[in-house]
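Scroll down for the structure; my scribbles are underneath it.
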Amino acid sequence: MEKSKEQRGRTRWGRAAVVAVPALGAIGAMTAAMAQGLLAATFAVSGVPMTVKSGQMQGTGFAGTVYEAAGQGVTYVGLTQANLDGLCAAVSPTVPIVGVVTLKITAGDADPATTELSAGNLLLDAKNLTGNGEFTGLKLGISSAAMDVGPTEVRKGAGDFGLQAGTAKVTGLNASALSAQVAGTFKLDNLSLGVTAGQSSC
């Protein structure tokens, strides 16, 4: 009986390893490429919202639209060039055999006076986004087709209601997002990316 239990235990871990090893290898390669500024990045897990936090995000060319996705309103926002003071993004999907795992990426330092992270064409599909905002040249209630600043990905959206600004700064950024994408270069200092068992947040 004891031998049977041990065999079943080894079988479960063996299956988990088959799933986890390739994933961890891919994460390691992606982390190295991102740390060298070689990779544009998209973070998304279908149907699973992710948490995105930053002490401060500021940049130029801000645009946003509101559209319908799966019966709910979603805000699609972007910055042509963004600088961030720290970043944490976490998503907890359910992986077959393994169960719930958390993929988390963090970067930056503890100094609130610096914005050491930079991203070209930062895009965010957000269900909820909170923080303290400061904008210059803000225009509200324009259609996406009438926008003339911000990433083209946002301006090509189908939203009838939109907003844009020449510059934007959001402190205490906290977003529940469906996806986060950097279409241009993503520079991340002190990058850490890993997978842990169970659910955790930033």
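A few points about this structure:
- Checked across region 134-153, the condition of being surrounded by fewer than 20 Cβ atoms within 10 Å (Cβ to Cβ), in a strand (DSSP E or B) and among the aliphatic types (A, V, I, L, M) holds for at least one residue.
- For Phe186, the requirement of being touching a Phe, Trp or Tyr at 6+ places or on another chain (Cβ under 8 Å), of a type in the set (Phe, Trp, Tyr), within 14 Å of Ala82 (Cα to Cα) and touching a residue at least 12 places away in the same chain (Cβ under 8 Å) is not met.
- Given (1) under 14 Å from Ala82 (Cβ atoms); (2) at pLDDT below 85; (3) of a type outside the set (A, V, I, L, M, F, W, C), index of the condition Asp109 fails: (1)
- Within region 100-113, the residues that satisfy the criterion of being surrounded by fewer than 20 Cβ atoms within 10 Å (Cβ to Cβ), within 22 Å of Ala168 (Cα to Cα) and either of a type in the set (D, E, K, R) or touching a strand residue (DSSP E or B) at 6+ places or on another chain (Cβ under 6 Å) (or both) are Asp109, Asp111, Pro112.
The values are calculated or read from the model by the stated rules, or taken from the named source; none is laboratory data. Bear in mind the structure is a predicted one, so any value in this text is a computation, not a measurement. Glycine gets a Cβ as well: all are built from the backbone with ideal geometry, and neighbour counts include every protein chain shown.
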